[in-house]
Structures are given as C-alpha cells and as structure tokens.
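The values are calculated or read from the model by the stated rules, or taken from the named source; none is laboratory data. Because the structure is predicted, anything quoted here is derived from the model rather than measured. Backbone-built Cβ (ideal geometry, glycine too); neighbour counts: all protein chains shown. In case anyone asks, the SASA skips ligands and DNA or RNA and just uses the protein heavy atoms, side chains included. Shrake-Rupley method; radii C 1.70, N 1.55, O 1.52, S 1.80 Å.
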Amino acid sequence: MKQFSDQFDFFPFSHDLAQSVLTVPLSADQNAVIFSPDSLKKIAYEAFARLSFTFPRRHLEHLINAALSPEASDNDRYVCACMLKNALVASKGKFPLCQDTGIANIFGWKKGSALTSGDAYDALSEGAKELYDERTLRFSTSCPASFYEEYDPKNNMPAQVSLFDDRAALAPIPTFIADSPKNSLAFIFCAKGGGSSNKTAFIQGTKASLNPAAFESFITEQVQKFGSSACPPYTIALVAGGLSPEQNLLTLKLATCGAYDGMTYKPNPYGFRDRELEDKVRKIAAATGYGAQFGGSQYAVEAIVIRLSRHGASCPLSAGVSCSAHRNLKAVLTKDGFYLEKTCENPAALPGFEKATAYAEAKSTARVISTQGGIQKLLSSLQGAEPGDRIILNGDILVARDAAHARWQKLLDSGKPLPDYCTRYPICYAGPARTPEGAVIGSFGPTTAGRMDVYADSLMSRGAALVTLAKGNRSKKWTEACGKYGAFYLGTPGGVAALIASEFITAEKVLDYEDLGMEAVRLVTVKNLPAFVITTDKGKDFYESLAKK
C-alpha cells in the first residue's frame with residue numbers, strides 16, 4: 001500500500017460530495033460503497049485537468065535520458081530538449097501539452113463491492129466535457145450528419161467510456177488495481193490523439209507467427225511502419241495472442257496507457273511481459289535511424305511486449321504507440337475521496353533538466369528565412385538547402401489541414417479556382433487548441449503530413465503548396481511532386497505545441513471556413529520558428545535517405 005500512496009496524491013471529498021457517496025451494509029462484515037454521479041464527474045474533470053498540462057515524472061526522466069544519451073544525435077538532443085521546455089510551459093496551466101488534446105478515453109474497473117448510482121457513463125463524460133470547455137482544450141471530434149457528411153459538435157463529445165468488473169474484464173487487469181483500496185473504482189484516463197492512434201496495426205496471425213525469426217520480422221516491419229509522424233520518442237507496445245481480436249487490441253491500448261507497468265515477466269495464462277523481446281524492440285527502434293523525428297537513435301524511450309493465451313487456430317498480433325505527448329493518468333475513487341497519479345508540476349526541478357534543455361538553443365549555422373515577399377522569393381531563399389538542414393522561419397504562414405484541403409479540392413472539381421491565399425503563403429498543416437484568455441493562439445503544433453499527399457498534383461500544378469510545413473515522412477507521390485514542381489517540404493518538431501504557441505507565434509486570424517472549428521483556414525505570423533528541410537525541390541528526401549542507410 002505504501003508504494004501505491006507514493007505514486008498518488010489524495011484529495012478528500014468536500015462535505016457535499018462526501019454526503020453523496022453512500023456506504024451500505026451487505027452483511028455483518030461487508031459493506032458496499034455507492035458512488036454518486038457527482039463523484040464520478042469530479043474525478044473525470046480533475047484527471048483530465050492534470051493529464052492535459054503535466055506529465056508523470058517517469059516520462060520526463062525518459063526524455064532527459066534521451067537528450068543526454070551518448071548515442072543521441074544532435075537532432076535527438078534538440079527535439080527532446082524542446083519537448084522538455086514544452087512540458088515546463090504547459091505545467092503553468094495555460095497551454096496544454098499538445099494541440100491535439102485528444103479524445104477522452106476512460107477505462108474503469110469496479111473493485112470489491114463498489115457500485116454506482118445514476119448513469120455512470122454520462123457522469124464521467126460530463127466531467128470530461130466540462131473540463132475541455134473550461135480549459136479551452138481542442139474539440140477534435142467529427143460527428144456524422146450522414147454516412148459521408150460530418151459536423152463539429154463543438155464539445156469534443158462523445159467520450160469513449162468503458163467500465164468493467166475487476167474479475168470479468170476483457171483484457172488483463174491493470175497492475176495498480178491490486179494495491180488500490182477495497183470497494184473502490186479504479187480508472188485510467190487517457191487523452192488519445194489521432195496521430196498516435198493512427199499507428200495502431202492489427203494482424204490475424206497463426207502459430208507460425210510464434211517463433212523467434214517470424215516475430216522479430218513482425219517487430220521490424222511494424223516499427224518501421226510507425227515512421228516519425230506520431231511525434232517520437234515513442235512508447236512502443238506489441239501484443240501477441242488473445243482469446244479474441246478484441247482482447248488483443250484492448251490489451252494493446254491499455255499497455256500504451258501504462259496499465260501494465262508492473263506486469264509480471266513470469267509466463268502464465270492471463271498475460272505476461274517478455275523482457276528479452278522488449279530489449280529487442282528498443283534495439284530495432286534505434287536502428288531505424290528515425291530518432292526523435294529528425295534522425296538519430298532516440299526513436300523509443302520504452303517498449304512493452306505482452307503475450308496472451310490464444311485459440312489454437314489463430315494468433316492475433318498488434319502494435320501501437322503512445323507518442324511523446326504521453327497523456328495517461330491512473331486514478332482511484334474511494335468512499336473518502338479520490339487518488340490521482342502524481343505528475344511533475346515543476347519539471348525544471350528534475351535532475352538533468354537544465355543540462356538537457358540547453359540543447360534547445362538554435363544552431364548558429366541554421367539558415368534564417370523570411371516568408372514575406374511571396375512564394376517565389378521564399379523558394380529562392382531555400383535554394384541549395386539539403387535534407388536534414390535546420391532553418392529558422394519568420395513571417396506569415398497559412399494554416400490548413402484535412403477539411404480545408406477537401407473543400408479546396410471540391411472547388412477544383414466543380415471548375416472553380418482556388419482561393420488566392422493558397423498561392424501566396426507556405427502552408428502549415430495544423431489544428432490549434434482553442435485560444436486561452438490573453439494568448440495569441442492556443443497550443444499549436446503540426447499534424448501528420450501524409451494525409452494531404454493525395455492533393456499533391458492538384459495543388460502544386462496551380463502554384464499552391466509549393467512550401468509546406470508539417471510532421472512525419474511523406475509518400476513517394478509527394479516527393480516526386482516536389483521534384484516536378486520545385487517544391488519544398490519542411491518538418492516542424494511535433495510534441496512542442498505549448499512552446500510554439502507561447503514563444504514562436506505573434507499573431508493569428510481566421511481567413512476562411514470558420515465553421516470547421518480547429519480546421520478553419522488561418523494566417524499566423526511566426527518569429528524564429530524552428531524547422532528542418534525534409535524534401536527538397538530536387539526530390540531529395542530526408543527519410544528516404546535514412547531508409548537507404
């Protein structure tokens with residue numbers, strides 16, 4: 001129990017909440033605890049408030065170790081240092097850690113004789129909904145108006161809520177529940193962003209998948225496929241087996257949330273980790289050369305490999321990541337109050353933080369480039385740049401992502417021209433969090449570039465998208481289009497959205513499609529924004545060169 005209390009902060013209920021949580025005798029030596037909707041709403045609100053702005057100490061220590069590792073590249077150190085500075089900015093409670101503040105994922109387990117009154121699902125959802133609204137987090141959900149048309153509900157709902165009995169859960173029980181108080185409700189709250197969710201892979205394998213050579217091949221293939229677009233350094237999870245596909249995938253999801261940090265390494269029918277394979281995953285990850293986004297060895301800070309029982313005719317295999325915005329929080333609701341997993345409110349006090357963040361200083365050799373004067377002038381300024389070069393950007397940048405690109409394509413398909421702003425500015429793919437009071441913009445970071453690759457020819461042939469900024473590797477189609485039209489693709493560090501909003505953006509306004517919410521077209525003014533050359537006007541690509549190596 002001491003280990004449990006060392007990892008959690010306790011918050012006693014106010015008088016009103018204490019009155020609403022009932023203890024009911026079941027027998028002479030057993031009571032049931034009935035939790036009210038208000039207590040469920042409270043723990044959800046407080047958990048999402050904590051995980052949206054602060055990290056557990058362990059995650060920050062991973063980033064410090066990555067920045068200080070003797071195997072780290074200069075770019076590894078730079079990106080990890082920026083992530084640490086980002087954590088410091090976010091810890092003040094104004095700018096969330098990531099612009100994609102995620103879908104509210106809530107997993108709960110009833111321990112002992114714990115019961116709920118009213119609608120537990122609605123109460124937990126309401127706590128998340130209220131927090132997202134009050135703390136100006138980003139609304140990311142798109143709800144169907146028909147099978148093909150969507151709308152922004154402007155509240156980030158619905159939440160994903162799953163409640164289990166601790167003896168009948170589909171996946172293995174999270175290890176922290178064993179130490180939690182009796183007759184309690186244990187939770188994992190997770191703000192899952194689209195970028196890391198998109199990396200989940202599932203394969204229906206067979207017994208033939210369970211030999212060292214085949215499984216190592218599976219690891220290598222999946223780790224390579226993750227790429228860099230979900231903001232490494234990653235926590236990588238792989239699960240082999242499962243009594244159903246659903247058990248396998250839920251175990252994977254919970255593994256990326258830290259549910260199995262204390263899982264046994266001893267083989268058993270209910271789930272165990274494999275230390276040797278976890279070491280192998282880290283080595284394979286380092287060998288990719290992707291590093292912390294822009295080349296190096298610090299591609300993964302942690303690996304979790306879990307083996308489950310299976311039906312003899314099948315062997316489900318899955319792989320997934322939690323990105324550098326590792327926003328997961330364990331929590332426990334008791335009759336007296338609630339426990340929240342401890343997070344680091346002052347990252348600067350951690351050993352090694354100051355030394356690690358010193359690597360965030362801009363290189364004196366970085367090329368300083370202005371976006372003012374039109375696209376042709378900007379292209380001239382980028383002439384001669386090589387993949388991997390670090391640059392500093394100043395000036396106006398257009399901000400547009402998936403929904404705006406779809407509308408532009410719809411204009412073209414109907415024979416209409418693009419809006420004139422499309423050809424005047426470089427385009428950054430991003431969807432910022434909502435703007436806190438007194439700030440220029442909410443947390444702002446790049447989204448995955450590859451989703452816009454389908455528009456390469458239709459935009460570039462019309463003089464648009466000749467300079468783009470985003471994150472991650474792109475398709476051959478985009479690379480070839482850059483060579484054909486003389487375009488550049490620049491990578492902006494992911495996982496540093498609070499830092500970008502607070503230090504690098506000086507102005508913002510909505511230009512078009514305001515109804516799209518976070519996907520509206522914006523114009524932002526940046527000052528000393530860091531970026532890396534990924535694809536040049538000659539069709540040379542940074543990530544392709546890493547793959548060849």
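The phi torsions of region 500-507, fed into the Karplus equation with coefficients 6.51, -1.76 and 1.60 and a -60° offset, translate into couplings of 4, 5, 8, 10, 10, 10, 10, 7 Hz, rounded to whole numbers, with Gly and Pro shown as x. In this structure the amide hydrogen of Asn328, modeled in the peptide plane, comes within under 5 Å of no amide hydrogen from residues 5 or more places off or on another chain.
So, R0 is 56 Å and r is the distance between the beta-carbons of Arg424 and Ser27; what FRET efficiency does that work out to, to 0.05? The calculated FRET efficiency here is 0.15. Cross-linked pairs Lys41/Lys342; Lys225/Lys549; Lys377/Lys540; Lys154/Lys342: Cα-Cα separations exceed 24 Å for Lys154/Lys342. Over the chain, dividing the summed -39,500 (n - 2.57) contributions of all DSSP H runs of at least 4 residues by the number of residues returns a 222 nm mean residue ellipticity of -9000 deg cm²/dmol. Please state, as a whole number in µm²/s, the translational diffusion coefficient that the Stokes-Einstein equation yields for region 160-297 at 25 °C and 0.890 mPa s, with Rh defined as the Kirkwood radius across alpha carbon pairs. D, rounded to a whole number, is 148 µm²/s. If you plug the beta carbon distance of Asn211 and Leu243 into 1/(1 + (r/R0)^6) with R0 = 30 Å, you get a FRET efficiency near 0.90. At the residue level, Asp396 shows approximately 30 square angstrom of accessible surface with a 1.4 angstrom probe and all protein chains present. Phi angles of region 39-51 translate, via the Karplus equation with coefficients 6.51, -1.76, 1.60 and θ = phi - 60°, into HN-Hα couplings of 5, 5, 4, 5, 5, 5, 4, 5, 5, 5, 5, 6, 6 Hz per residue; Gly and Pro are given as x. Per residue, region 239-393 exposes 40 Å² of solvent-accessible protein surface, assessed with a 1.4 angstrom probe and all protein chains in place. Oblate is the label for region 167-241. Its Cα gyration tensor axes, ordered a ≥ b ≥ c, give a/c of at least 1.5 and b/c at or above a/b.
The overall shape of region 93-249, judged from the alpha-carbon gyration tensor, is oblate: a/c is not under 1.5, and a/b is no greater than b/c.
If R0 is 35 Å, the Cβ-Cβ spacing of Phe4 and Lys225 corresponds to a FRET efficiency of close to 0.40. Distance between the 7 Å Cα→Cβ label points at Ala178 and Glu503: 4.2 nm. The slack in the chain from Asn346 to Tyr270, taken as 0.36 nm per residue of separation less the alpha-carbon distance, amounts to 23.5 nm. Length available on full extension from Lys377 to Lys527: 0.36 nm per residue minus the Cα-Cα distance, which gives 52.2 nm.
Under the classification rounded if a/c is under 1.5, otherwise prolate if a/b is larger than b/c and oblate if not, where does region 327-446 fall, given a ≥ b ≥ c as square roots of the Cα gyration tensor eigenvalues? Oblate is the answer for region 327-446, as a/c is 1.5 or above yet b/c matches or exceeds a/b. Note on the chain: Rg/Rh from C-alpha atoms, Kirkwood Rh, equals 0.98.
Using all pairs of distinct alpha-carbon atoms, the Kirkwood hydrodynamic radius of region 242-295 works out to 13.1 angstrom. The residues of region 397-492 expose on average 34 square angstrom of accessible surface per residue, using a 1.4 Å probe on protein heavy atoms. Here Lys42 is the anchor, and the aspartates and glutamates within straight C-alpha reach of less than 18 Å, apart from those fewer than 8 places off in the same chain, are Asp9, Asp16, Asp119, Asp122, Glu126, Glu130, Asp133, Glu134, Asp336, Glu341.
Taking amide hydrogens as placed 1.01 Å from N in the peptide plane, the amide H of Tyr151 sits under 5 Å from those of Cys143, Ala145, each at least 5 positions away in sequence or on another chain. Of the peptides 243-251, 318-326, 461-469, the order by per-residue mean of other Cβ atoms within 10 Å, starting with the highest, comes out as 318-326, 461-469, 243-251.
Rounded to whole numbers, the Karplus 3J(HN,Hα) couplings from phi for region 306-319 are 10, 10, 10, 5, 8, 6, x, 8, 8, 8, x, 10, 9, 9 Hz, using 6.51 cos²θ - 1.76 cosθ + 1.60 with θ = phi - 60°, and x at Gly and Pro.
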